[in-house]
1. Tell me the accessible surface of residue 242 in square angstrom (1.4 angstrom probe, heavy atoms of protein chains only), to the nearest ten.
2. Could you calculate the contour length gain from residue 301 to residue 30, that is, 0.36 nm times the residue separation minus the distance between their Cα atoms, to one decimal place in nm?
3. I need the Kirkwood Rh of segment 74-118: take the reciprocal of the average 1/r across all distinct C-alpha pairs and report it in angstrom.
4. Taking only Cα atoms, what is the 0 to 90° angle, nearest 10, from helix 359-373's long axis to the longest principal axis of the chain?
5. Taking 7 Å along the Cα-to-C-beta vector as the label spot, tell me the residue 377-residue 14 distance in nanometres, rounded to one decimal.
6. Once you keep just the Cα pairs under 8 angstrom separated by 6 or more residues, what percentage relative contact order results for the chain?
7. Mind checking the full-extension length gain between residue 195 and residue 76? Use 0.36 nm per residue of separation minus the Cα-Cα distance, one decimal, nm.
8. Taking only the alpha-carbon positions of the chain and ignoring solvent, what does the Debye formula give for the base-10 log of I(q)/I(0) at q = 0.10, 0.12 Å⁻¹?
Amino acid sequence: MASTLKASAMKRFVPRYFDIGVNFTDPMFHGHYNGKPHHDSDLSLVLERARLFNVEKILATGSTLEESRRTMEMCRNHQGFLYSTVGVHPCSVTEFIDNPESHLQQLRELALEGKQLGIVKAFGEIGLDYDRLHYASADLQREYFKKQLDIAVDCDLPLFLHMRAACDDFIKIIEPYLASSSSSSSTSNGKLTRKHHVVHSFTGTLPELKRLVELGFYISVNGCSLKTEENLQVAAEIPLERLMIETDAPWCEIRKSHAGYKYLTGYPNAYYPEIAIEEDQASSEQTAQQKPTSKKKAVVQLHDHLPFPNIKKEKMATFEIQPEAQIGIRAPPLIKSRNEPVFVGLVAEVMAKLKQVEPEVLIDIAYKNSVEVFDVYPDRK
């Protein structure tokens, strides 16, 4: 009887996802790969797929001032679904060199404007990245991490933070800005008035995780956080009450070579409940599958874990989409090796199994953490 009730509850559970990190300005979402065009922008189809599988909120990020502007403008057209950050990634801080004061002022004004509009929900992506010093020196990264933190104090927004191979300097710089957990003051006094911030795309060590959690940070994970067995051991130690999930699309997918891949199961499951299809589509699917194929036309393959075609970017321009098909071999296709928000449920599945909790527990806690930190609730825009 108990097992019957549990199965019934599982059937009723509908996930709610908040993907807290997506790079929609990346050329891959607009058909360009490594500088070459392969197909028209399919961003609208990417968003439709995300909605279909219960991605209710997305935080879209920008790595530069210009990307932040473009991201904010895009989010204006999807209010209540898409929100944005404003900030300059540590690998992009060279853009400040020519006219630093003007650039910093423009960044401040954009963040405040977006906050007033209810679109900008975090300041970032800012921080340090010592893995990629060929883009910007450590000295330059530290200088503009501090200067952007000064802006963040004025903006009163949660921080969306990046930290790679730089934990000691990262903490040394940011700790003086952090509000005391016991402080109830609404004035900044040179400190961040918000008490909750997130370190996204975490790939650090267990001691680094413990230091960040002790300082009050939330930790967000994606496919890059789940590459190795050591990564999995660290991810398993993230407290549920501090966990968020993301794709960091179009990058950081969970690949077959990743240690976390072994935890993934096929559609349908608790993370991706079954989607009912119309009788006409079912008939069309069956016909398409039974049609003989020529040597020149390869058989369409569905993704290993989701009910969408999975094709190479070169095939997108000529792929035949059935207009009414939401899923199946004639639905709008996924592009191989391009991550997107619909895959956030895969991150949830790996994390639930690492944390040894039921799917609904992990999914609901991660969603609750995200909406609370970014002040985005289902009944609010």
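The values are calculated or read from the model by the stated rules, or taken from the named source; none is laboratory data. Owing to the predicted nature of the structure, the values given are computational and were not obtained by experimental measurement. Glycine also receives a Cβ, built like all others from the backbone with ideal geometry; neighbour counts cover every protein chain displayed. Calculation scope for accessible area: heavy atoms of the full protein, side chains included, ligands and nucleic acids excluded. Shrake-Rupley method; radii C 1.70, N 1.55, O 1.52, S 1.80 Å.
1. Spelled out: residue 242, probe radius 1.4 Å, area about 60 Å².
2. On the way: separation 271, 0.36 × 271 = 97.56 nm, distance 2.28 nm.
Fully extending the segment from residue 301 to residue 30 adds 95.3 nm.
3. Working: mean 1/r = 0.0844 Å⁻¹.
After inverting the mean inverse Cα-Cα distance, the result is 11.9 Å.
4. For helix 359-373, the angle is close to 40 degrees.
5. Each label point lies 7 Å from its Cα, and together they span 2.0 nm.
6. Rounded, it is 18 percent for the chain.
7. 40.1 nm
8. Log10 I(q)/I(0), no solvent term: -0.66, -0.93.
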